[in-house]
Amino acid sequence: MNSSPTNLDTISAISTPPGSGAIAIVRISGPLAFEIACKIFSSSQDALLPVNLRGNSHKAMHGFILQPQTQICVDDVVLIPYKDPASYTGEDLVEINCHGSPVIAREILELILSLGARLARPGEFTQRAYLSGKMDLTQAEAVMDLIQAKTKSQSRQAQAALSGQIGSKISNVRSDLVELLTRITAGIDFPEEVGEVSLDDLERIVVDSKVRLTSLAQTMRAGRFLREGLRVSIVGQPNVGKSSLLNQFLKFERAIVTEIPGTTRDSIEELVELAGVPVLLVDTAGIRNTQDRVEQIGIDRTVASIEQADLVLFMIDGSKQFDHIDKKIESMISEKPFIMVKNKLDLGDAKNKLPEDAIDQISISAKSGDGMDQLGDCLSRFVFSGSQDKGASVNERQGELCLKALQSLVLLEQAVSDDFPQDCLATDLKEAIIALSQACGTEVSEEVITQVFARFCIGK
Ligand SMILES: Nc1nc2c(ncn2[C@@H]2O[C@H](COP(=O)(O)OP(=O)(O)OP(=O)(O)O)[C@@H](O)[C@H]2O)c(=O)[nH]1
Ligand SMILES: [Mg+2]
């Protein structure tokens, strides 16, 4: 279980971003939070008068921050006290809303630090929320994703995880496995009274858990693209319409388009949002044999861009024959998933025989925009392929642990079919339970906690 955060230091930090704004928020959390706040907060601008914070939990109080020694007024503020355990951190917590000047916020923070608090480490407020059992580890990780979300979809995903969707799915599977383990253990300890768990029962629970874990693990890939974005390279011969496609996606003339083959010399990268996924589109120099030194450097960059890509859009002029240079490009991208994009739909279809290992094939006109919606759907299918669930997705850490639990369940099934005794089954079951406990943070090492929270910003 989460350990209760007793005997912790009192921590403080500015929780709003650096720079000027309408307001800035300074937070204090821990056993001395109210005591420190009382030493600097007063209802009077001229003298430090006693305030009752404990009796006014969750109430916004207007007042002034005064320097304790000189009683000089630092700022006119709104202070909200939150008495433990009904606070974000589960401890006594004070939020001081001051004017949004970095100088004022810093001066208030310095006063607080001089009175016995220490500067909070990145994510330490959320770490305390986790330690006091306010949220599980998947929710704490979602807080970070929510803060860092750059698209609506990222934000929705993080909200879903923050509401506990991922944590509860993992812990529900875990509970079922714990119950099974309890029954197996009881059967081993009290064979007369309880008896062994029937193999049918065991199989049913294991198969059901495997299905649920597989579907959770399958969300990992979509989750990675949603969090980190998808890198897509547009690749093909000169003049097929790669830059026109980039411009269509962006809805403005970002790249130069001409009828002269070899127009794009250098890779051009632009970020767009497609189906809620941040996509880094890379328009590349067309691939052909060339004696031109600058063009050759551009083509070398195209090769590098293919290596970095999560997905390649292999573009051809659909009205022309698929020729030996296209064949060469096909071999250059053979290691990557690719979508075959037949452009210049308006000029007709040469009905070429196209590479069979493409994950999808689509006809468009980059000039008119025809087929762009279908291309967007192809990209969306690529991102969500394998995943039935467009709700919250597991992150890499949680996903790997779900896969580890799955492996243990596969071993368990093997042991059942090899007629192993039930105490051997218990070992695999325990391994699966440990992995799931680590995923939702009920049993997790100090090192993992430190790693998770180190990604946070100060003040959260
Ligand atoms: N008819 C027709 N012409 C198109 C279409 N897409 C692009 N073009 C034309 O094809 C020519 C080449 O387009 P670009 O977008 O510059 O082609 P590219 O693949 O970037 O070429 P490089 O930069 O030379 O590698 C231009 O004249 C475009 O107007 C299309 O869908 N239909
Ligand atoms: Mg171009």
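For Thr290 and Ile359, a Förster radius of 35 Å and the Cβ-Cβ distance give a FRET efficiency of 0.75, rounded to the nearest 0.05.
Spin-label model, Glu413 to Ser114: label points 7 Å out along the Cα-to-beta-carbon direction sit 6.7 nm apart.
Taking amide hydrogens as modeled 1.01 Å from N in the peptide plane, which residues meet the under 5 Å criterion relative to Leu274, leaving out close sequence neighbours? Those qualifying (amide H under 5 Å, at least 5 residues apart or on another chain) are Val279. In the calculated pair-distance distribution of the range 122-220, the portion above 19 angstrom amounts to 57 percent of the Cα-Cα pairs. A straight Cα-to-Cα reach below 22 Å connects Lys342 with the lysines Lys242, Lys251, Lys320, Lys327, Lys328, Lys351, Lys353, Lys367, residues fewer than 8 places away in its own chain not being considered. Here the convex hull built on the C-alpha positions of the range 11-135 has a volume of 93 cubic angstrom per residue.
Counted without the sites themselves, the longest stretch of the chain free of GluC sites (Glu not before Pro) in a DSSP loop having at most 12 other beta carbon atoms within 10 Å is 1-191. Straight-line cross-link reach from Lys404 at under 18 Å between alpha-carbon atoms covers these lysines, not counting any fewer than eight positions away in the same chain: Lys169, Lys210, Lys430. Here the Debye sum runs over all C-alpha atoms of the range 234-381 as equal scatterers in vacuum, and log10 of I(q)/I(0) at q = 0.14, 0.20, 0.21 Å⁻¹ comes out as -0.60, -1.37, -1.54.
Within straight-line reach of Lys134, meaning a Cα separation under 17 Å, sit the following lysines at least 8 residues removed in sequence or on another chain: Lys83, Lys460. For Glu192 and Ala86, the FRET efficiency from 1/(1 + (r/R0)^6), where r spans their Cβ atoms and R0 equals 45 Å, is about 0.35. If you take all other residues with their beta carbon under 10 Å from the beta carbon of Thr10, and give Lys and Arg +1 and Asp and Glu -1, the sum is -3.
Carbon-plus-sulfur accessible fraction, the range 11-135 (probe radius 1.4 Å, protein heavy atoms only): 58%.
Between the C-alpha center of the range 227-250 and that of the range 348-380 there is a gap of 13 Å.
Once the Kirkwood radius over Cα pairs is known for the range 178-308, the Stokes-Einstein relation at 37 °C and 0.692 mPa s delivers a diffusion coefficient of 172 µm²/s. Measuring max minus min along each principal axis, the C-alpha atoms of the chain give extents of 85, 76, 34 Å (largest first).
Shown here for the range 243-341: chymotrypsin sites (Phe, Trp or Tyr not before Pro) in loop regions (DSSP other than H, G, I, E, B) with at most 10 other Cβ atoms within 10 Å, namely Phe252.
Entry comment: accessible area of the range 98-206 is 48 Å² per residue, from protein heavy atoms only and a probe of 1.4 Å. State whether the range 344-460 is rounded, prolate or oblate according to the following rule on the C-alpha gyration tensor (a ≥ b ≥ c being the square roots of its eigenvalues): a/c under 1.5 gives rounded; otherwise a/b larger than b/c gives prolate, and the remaining case gives oblate. Since a/c reaches 1.5 but b/c is at least a/b, the shape of the range 344-460 is classed as oblate. Our summary gives the chain a relative contact order of 17 percent, counting only alpha carbon pairs under 8 angstrom and 6 or more residues apart.
Run a plain Debye calculation on the range 120-159 (Cα atoms as equal point scatterers, no solvent) and give log10 I(q)/I(0) at q = 0.19, 0.21, 0.29, 0.33 Å⁻¹, rounded to two decimals, same order as the q list. Log10 of I(q)/I(0), two decimals: -0.54, -0.63, -0.91, -1.02. For a quick check of your reading of the filter: which chymotrypsin sites (Phe, Trp or Tyr not before Pro) in the range 39-86 sit in a DSSP loop and have no more than 12 other Cβ atoms within 10 Å? Here no loop site has a sparse enough neighbourhood. Between Thr427 and Val303, the modelled labels are 5.1 nm apart [label points 7 Å from Cα along Cα→Cβ]. Rounded to whole Å, give me the distance from the Cα center of the range 22-54 to that of the range 113-128. So the separation of the two Cα centres works out to 16 Å.
Surface composition of the range 234-381: carbon plus sulfur atoms contribute 49% of the solvent-accessible area (1.4 Å probe, protein chains only, all chains present). The C-alpha atoms of the chain define a longest principal axis, and helix 137-148 lies at about 70 degrees to it. For the range 69-120, the C-alpha radius of gyration divided by 2.2 N^0.38 Å, with N the number of residues, is 1.24. Rounded to the nearest 5, the antiparallel percentage of DSSP beta bridges internal to the range 11-135 is 90%.
The values are calculated or read from the model by the stated rules, or taken from the named source; none is laboratory data. Since we're looking at a predicted model, the values are computed, not measured. Reconstructed Cβ throughout: ideal geometry from the backbone, glycine too, with neighbour counts over all protein chains shown. Calculation scope for accessible area: heavy atoms of the full protein, side chains included, ligands and nucleic acids excluded. Shrake-Rupley method; radii C 1.70, N 1.55, O 1.52, S 1.80 Å.
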